[in-house]
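Encoded as structure tokens, the structure appears first; notes follow it.
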Amino acid sequence: MRLRTTSAVAGAAALLLLTGCGAADMTQQASPFANAQGARTVTLSVQSWVGAQANVSVAQYLLEHELGYRVDTVQVDEVPAWDALSQGRVDAILEDWGHPDQEKRYAEDKKTIARGGDLGVTGHIGWYVPTYFAKEHPDVTDWKNLDKYASLFRTAESGGKGQLMDGSPSYVTNDKALVNNLQLDYQVVFAGSEAAQITQIKQFAKEKKPFLTYWYSPQWLFKKVPMTEVKLPAYKEGCDADPAEVACAYPHTPLQKYLNADFARSGGKAAAFLKNFKWTTEDQNEVSLMIANDKLSPQEAAKKWVDSHESTWRSWLS
């Protein structure tokens, strides 16, 4: 654990009172509690999508109510989260979708980050159309036929081309390269966030309009807006090695956890718990749906899940 004086910890506490609990922007400030000597506090990075929020809410609830820790959460984009984790400004990332450059730099070369094991969930990114449109036009699910429907996917933002809607530019995405390398008559348009993308998808679905979107599983929205994946050229190991030359589908990725290396060694029961934390796609979707659709707070959703799934989480504490 990184050493700090008693006065530094007291100052950190004062800073927390000034800045408030919960999510903070790690690009602006470090968590005042991460790696503070003697403080039974864990700092978790939470990404902007609701599945990641579901992981963190359940981990936070159990750390606080079963193990007696204080939990601080900070929201930070995917790549900067690795920097924060390496520097000890956060203790753990609970859902990573694959960042081989950062893994090599920090886990293999610098050894400032330790692998925390599988989350238990397999993630997959793809291109999707609404199932109501795919039923009317079955051939749209082959990428070779997308240009045939480009005019139907046009929007005011797509500049006369078909729109391929993405979420945040900070997410793992090869879409601009794919559109270019597959020579498709489409423009990638970023909604800006998962929440904004969901709002747009729901609006399209309400009006039964066609749309083409970058999307991913696990994700609770599939239960509300059924979507069908467009088959891109098959993924083969290494086909996405050069980001500029990608012309293949996204892989199916077992999602991983990562811990700050000092925390992994010296974090006691909290570190052991996070290494043991492993649940299913169904578990994550259950909590995500409560947060995003039923409008429960993350802690309310976590409590509801914890109350009915003790057989799943009890082993994480051992």
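Here's the list of lysines a cross-link from residue 269 could span, going by alpha-carbon distance under 16 Å and ignoring same-chain residues fewer than 8 apart: 278. Around the Cα centre of the chain, unit charges on the Cβ atoms of Lys, Arg, Asp and Glu (plus for the first two, minus for the last two) sum to a dipole of about 520 debye.
Rounded to the nearest 5, the antiparallel percentage of DSSP beta bridges internal to the chain is 55%. In a reduced charge model with +1 at each Lys and Arg Cβ and -1 at each Asp and Glu Cβ, segment 94-223 shows a dipole moment near 280 debye about its Cα centre. Taking 287, 42, 172 as the candidate residues, the one with maximal mean-square fluctuation in a Gaussian network model of the chain, Cα springs under 10 Å, is 172. Note on the chain: with a GNM built from Cα contacts shorter than 10 Å, the maximum mean-square fluctuation among 84, 244, 114 falls on 244. The length gained by stretching the chain between residue 40 and residue 308 to full extension, at 0.36 nm per residue less their Cα-Cα distance, is 93.8 nm. Note: relative contact order over the chain, using C-alpha pairs below 8 Å and six or more positions apart, is 24 percent.
Normalising the average separation of contacting C-alpha pairs (under 8 angstrom, six or more residues apart) by the number of residues puts the relative contact order of segment 101-236 at 36 percent.
Listed values for segment 88-99 are Karplus-derived 3J(HN,Hα) couplings in whole Hz (6.51 cos²θ - 1.76 cosθ + 1.60, θ = phi - 60°), namely x, 7, 10, 9, 7, 10, 9, 8, 10, 9, x, 9, and x replaces Gly and Pro. Ordering 49, 261, 191 by the projection of their Cα atoms onto the charge dipole of the chain, which places +1 on the Cβ of Lys and Arg and -1 on the Cβ of Asp and Glu, puts 261 at the extreme positive end. Tell me the carbon and sulfur percent of the accessible area for the chain, rounded to whole percent, probe radius 1.4 Å. Its accessible area is 50 percent carbon and sulfur atoms. Compared with the direct C-alpha span, the chain from residue 118 to residue 253 gains 47.6 nm at full extension, assuming 0.36 nm per residue. Database remark: amide H of residue 117 closer than 5 angstrom to the amide H of 257 (H placed geometrically; neighbours at sequence offset of 5 or more, or on other chains; Pro and chain starts carry no H). Calculation over all alpha carbon pairs of the chain in 10 angstrom steps from 0 returns a P(r) of 6, 25, 31, 22, 12, 3, 0 percent. Reported to the nearest whole Å, the Cα centre-to-centre distance from segment 151-206 to segment 34-98 is 30. Seen against the Cα atoms of the chain and their longest principal axis, helix 281-292 is set at about 90 degrees. Among the trypsin sites (Lys or Arg not before Pro) within segment 36-110, those in coil by DSSP and having at most 16 neighbouring Cβ atoms inside 10 Å are 40, 110. The accessible area of residue 295, taken with all protein chains in place and a 1.4 Å probe, comes to roughly 150 Å².
Solvent exposure of segment 184-280, expressed per residue, is 47 Å² of accessible area, with all protein chains present and a 1.4 angstrom probe.
In sequence order, segment 49-59 has phi-based couplings of 8, 5, x, 5, 5, 5, 3, 5, 5, 6, 4 Hz under the Karplus curve 6.51 cos²θ - 1.76 cosθ + 1.60, θ = phi - 60°, and Gly or Pro positions carry x. Close Lys pairs in segment 104-180 (alpha-carbon distance under 30 Å; sequence gap of 8 or more, or different chains): 10.
Ranking 173, 246, 221 by how far each Cα lies toward the positive end of the dipole of segment 161-287 (charges on Cβ) leaves 221 at the top. A simple rule links phi to the HN-Hα coupling: the Karplus curve 6.51 cos²θ - 1.76 cosθ + 1.60 with θ = phi - 60°, which for segment 175-182 gives 5, 5, 5, 4, 4, 5, 6, 8 Hz, with x for Gly and Pro. Of all aspartates and glutamates in the structure, those lying under 18 Å Cα to Cα from residue 208, and not within fewer than 8 positions of it along the same chain, are 136, 229. Take residue 137, project a point 7 Å from its Cα along the Cβ direction, then tell me which residues of segment 222-250 have their backbone nitrogen under 17 Å from it. What the label zone holds, given the 17 Å backbone N cut-off, is 227-232. Extending 7 Å from the Cα toward the beta-carbon at both residue 206 and residue 104 defines two label points whose distance is 4.7 nm. For segment 179-225, a crude dipole built from +1 on the beta carbon of Lys and Arg and -1 on the beta carbon of Asp and Glu, taken about the Cα centre, is about 320 debye to the nearest 20.
The values are calculated or read from the model by the stated rules, or taken from the named source; none is laboratory data. Bear in mind the structure is a predicted one, so any value in this text is a computation, not a measurement. Please note: Cβ atoms are built from the backbone with ideal geometry, for glycine as well, and neighbour counts cover all protein chains shown. When the accessible area is computed, the model is the full protein with side chains, heavy atoms only, and any ligands, DNA or RNA have been set aside. Shrake-Rupley method; radii C 1.70, N 1.55, O 1.52, S 1.80 Å.
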